[in-house]
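One structure is given below, encoded as structure tokens.
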Amino acid sequence: MTDELDGVRDHYRATGLTERLKTALSAFGPEHQRLTPQHLGVLDQFHTRGLAATAELAKLAGITADASVLDVGSGVGGPARFLAATYGCRVTGIDLSEPFVEAARYLTERTGQSGHVSFQCASALALPFDDGSFDIALLQHVAMNIADRARLYREIRRVLKTGGRFATFDVVTNGGEPYYPVPWARTPVTSFLMSAAATREAVEPAGFRTLICQDDSEAAKAWITQMRASGPPPSPNLSVVMGSDFAQLAANLGRNLLEGRLGILTAVFEAMPINS
Ligand SMILES: C[S@@+](CC[C@H](N)C(=O)[O-])C[C@H]1O[C@@H](n2cnc3c(N)ncnc32)[C@H](O)[C@@H]1O
């Protein structure tokens, strides 16, 4: 497992990320100027359909101001900041990548949200929290980097309160072999895709009941088609985070979705009592 996690860490190594972000964000104004989650949405929502997808998932998860929310695989923190700004809830993010966690903290200072949003470097397979710590857990475009799904979903269930909700938005296989590199893996070695049905079959035994399970592939395809028509994205964009080959990674994801090799799953589960 360490090898597998090392491969994923390498993929998201992002050396010097915070310095690159400082330079890129000067496009929005001087360092002391407060930024909003909307400003940052062009580079901090690391999943298909960006900010719109986070907003939809949050609605489906039923987040409220008094909820304690965990974002598993929080990237550079865009979803966490959006949730805190929109609902007034407290959000904790964890991520395997140290440069991402450092960047997430920096961006959160820039939006003035450090009192409500915090980040830790940790593995989703060993969450550094007590049992029943959170009301809601989010997992967006992370599971495809994780082979041991049984352990991942057990860990998420463990840190949720009974009756809490787990909302996931992830890339799934439709049976076809994807073109690599893709945004989560430059080779198949760090890619562990599962079908939507297999994902649900892995989540439920961890102590969950399915509330919502929907195929969002068509919405993703429409988004890809629109992105293709509008040409290269303006700067700054996710290339700041992932490097100059990001356009190629994103193009391959688009091709995989449009050809039906990959799909997008949105699902929300309720945490059921666990028999100890
Ligand atoms: C495609 S990015 C998505 C980031 C974020 N969820 C978002 O939507 O903006 C995948 C993230 O998952 C993290 N990740 C992958 N495997 C992980 C693991 N085992 N534990 C914690 N984080 C992990 C990566 O470091 C990366 O930040």
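The values are calculated or read from the model by the stated rules, or taken from the named source; none is laboratory data. Not measured: the values here are computed from a predicted model. Positions of Cβ are generated from backbone atoms using ideal geometry, with glycine treated the same way; all protein chains shown enter the neighbour counts. Accessible surface areas use protein heavy atoms only, side chains included; no ligands, DNA or RNA. Shrake-Rupley method; radii C 1.70, N 1.55, O 1.52, S 1.80 Å.
What a 1.4 Å probe finds exposed on the chain is 53% carbon and sulfur by accessible area, rounded to a whole percent. Multiplying the residue separation of T15 and V189 by 0.36 nm and subtracting their alpha-carbon distance yields 60.5 nm. Histogrammed with a bin width of 5 Å, the alpha carbon distances of the stretch 1-73 distribute as 3, 11, 15, 18, 18, 16, 14, 4, 1 percent, first bin at zero.
Note on M272 and R209: their simple-model spin labels are 0.8 nm apart, each label 7 Å out from Cα toward Cβ. For the pair A150 and A247 in one chain, pulling the backbone fully straight at 0.36 nm per residue adds 31.7 nm over the alpha carbon distance. The helix-only estimate of mean residue ellipticity at 222 nm for the chain, built from DSSP H runs of length n ≥ 4 each weighted as -39500 (n - 2.57), is -12000 deg cm²/dmol after division by the residue total. Using the 1.4 Å probe convention, the accessible area of the chain works out to 43 Å² per residue with neighbouring protein chains retained. Between T225 and T64, full extension at 0.36 nm per residue minus the direct alpha carbon distance yields a gain of 54.6 nm. Take every pair of alpha-carbon atoms less than 8 Å apart whose residues are at least six positions apart; their mean separation over the length of the stretch 154-206 yields a relative contact order of 35 percent.
Measuring r between the beta carbons of D3 and T23 and using R0 = 41 Å, the FRET efficiency lands at 0.75. Summing Cβ point charges (Lys, Arg +1; Asp, Glu -1) relative to the Cα centre of the chain gives a dipole of roughly 420 debye.
With K and R counted +1 and D and E -1, the other residues having a Cβ less than 10 Å from that of F169 yield a net charge of -2.
Net charge of the neighbourhood of E4, taken over other residues with C-beta under 13 Å away and scored Lys/Arg +1, Asp/Glu -1, is -1.
Loop-located trypsin sites (Lys or Arg not before Pro) in the stretch 193-228 (DSSP state not H, G, I, E or B) with no more than 10 neighbouring Cβ atoms inside 10 Å do not occur. Other residues whose C-beta falls under 13 angstrom from the C-beta of H47 contribute a net charge of -4, scoring Lys and Arg +1 and Asp and Glu -1. Note that the chain shows a convex hull volume over its alpha carbon atoms of 112 Å³ per residue. Beta bridges per DSSP, both residues in the chain: antiparallel share near 45 percent. With 10 Å bins beginning at zero, the pair-distance distribution over Cα atoms of the stretch 152-265 amounts to 12, 37, 31, 17, 2 %.
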